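The values are calculated or read from the model by the stated rules, or taken from the named source; none is laboratory data. No experiment lies behind these values; they were computed from the predicted model shown. Cβ atoms come from the backbone with ideal geometry, glycine included; neighbour counts cover every protein chain shown. The area values use the complete protein model at the heavy-atom level, side chains included, leaving out ligands, DNA and RNA. Shrake-Rupley method; radii C 1.70, N 1.55, O 1.52, S 1.80 Å.
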Amino acid sequence: MSTPEPDTTAWWGPFDADRSVIADREVAVVGFDATAELHAQNLRDSGVDVRVGAAPGSDEFAAAEAEGFFTLPVADAVTDSEVVVLGTEHLTEVSTALTDDHVVVLSSAAAGRALRSSVVRHRGVILLVEVLGEPAATRQAYVDGRGAPAVVAVVARGSAAGHDLAGTLTATRTPSAPDARGDFQQRLAVAYADVLGATRAAAIGVDALDWAAAADFADTRVTPLLEAVLAAGRDGLVAQGFDPVVADLAVLHRLQGELDRIGLEGARPSVADPHREALAGLTGPAPRSRARRTAPLQDDEQTAARHARLGQAFGGSR
């Protein structure tokens, strides 16, 4: 029997971060949706110089001003900054002011997909720091002195020769040990996760392309299927005469406890195996990892150990 591949994921905590690489930089958070507000609030409370870019007269602009942020039109906020935090909106306005000297921080894998399909052409540094948690709960965890974990990746190191963003998306392997004292881009990504409060739980190094592919598969194939199964189960009970409240409690709310257990222990392979083929037919084939050559072996014990660490990381935000 072959030996499972060693875990090469990097896990960074607060003592691994060098805040000096972010502390004196002006940061523009573009937009003011829930995720953008989380970034802006946590950065400001960590002592970072933050401004918010939004459309004048918009609800986002008014909300950011009401929260006391220096708020500017998007292009002006980008011009007035060194680091630009992007979601999925306002990319056309960003493109008029963004230069290759800016450091771009993507707040999610979805932001990366939006950037890639936008008019923006950036040959500078691109980082991914995606907080894994609902924004309001994550913000409250930060205020309470806790944190929610984040995935961290260096998407582009600023050395691409072409103008097309696709040319910058070269895979970046994570280090085999939790060492944030590597190159500047890696240090900056971990420092940014630290001022977000993520290192209080864990900043988890991922391969940029692998994370984008896995997150897209989860968002477009797995999550809709899960929602459909839950809705079908709930509606099936109601159709058989059960009180809708009972159906909701049995199928939806009671499931929360099981989801918490899965978060701590993992989805056991031995439970999944009998249903794997049928479910794979519904989700379609998963994308192939660019970071690994072979699929790692796993069993219930290994899955439980891995998720125990993940559960510990998520414990501060739940």
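Take 30-38, 50-58, 115-123 and order them by the average number of nearby Cβ atoms within 10 Å per residue, most first; the result is 30-38, 50-58, 115-123. Our summary gives the range 1-84 a relative contact order of 31 percent, counting only alpha carbon pairs under 8 angstrom and 6 or more residues apart.
The fraction of all Cα pairs in the range 10-206 landing in successive 5 Å bins from 0 to the largest distance is 1, 9, 18, 22, 21, 17, 9, 3, 1, 0, given as whole percents. With the simple spin-label model, which puts each label point 7 Å out from Cα in the Cβ direction, the Val238 to Leu225 separation comes to 2.5 nm. For the peptides 87-99, 199-211, the ranking by packing is 199-211, 87-99, with the highest mean count of neighbouring Cβ atoms within 10 Å listed first. The share of alpha-carbon pairs in the range 59-153 lying farther apart than 20 Å comes to 44%.
Accessible surface computed residue by residue for the range 10-206, with neighbouring protein chains in place and a 1.4 Å probe, gives 40 Å² per residue. With contacts taken as Cα pairs under 8 Å and at least 6 residues apart, the range 10-206 reaches a relative contact order of 26 percent. Would you pull out the residues with amide H under 5 Å of Glu26's amide H, same chain only if 5 or more places away, H placed 1.01 Å from N? Here Glu82, Val83 satisfy the definition.
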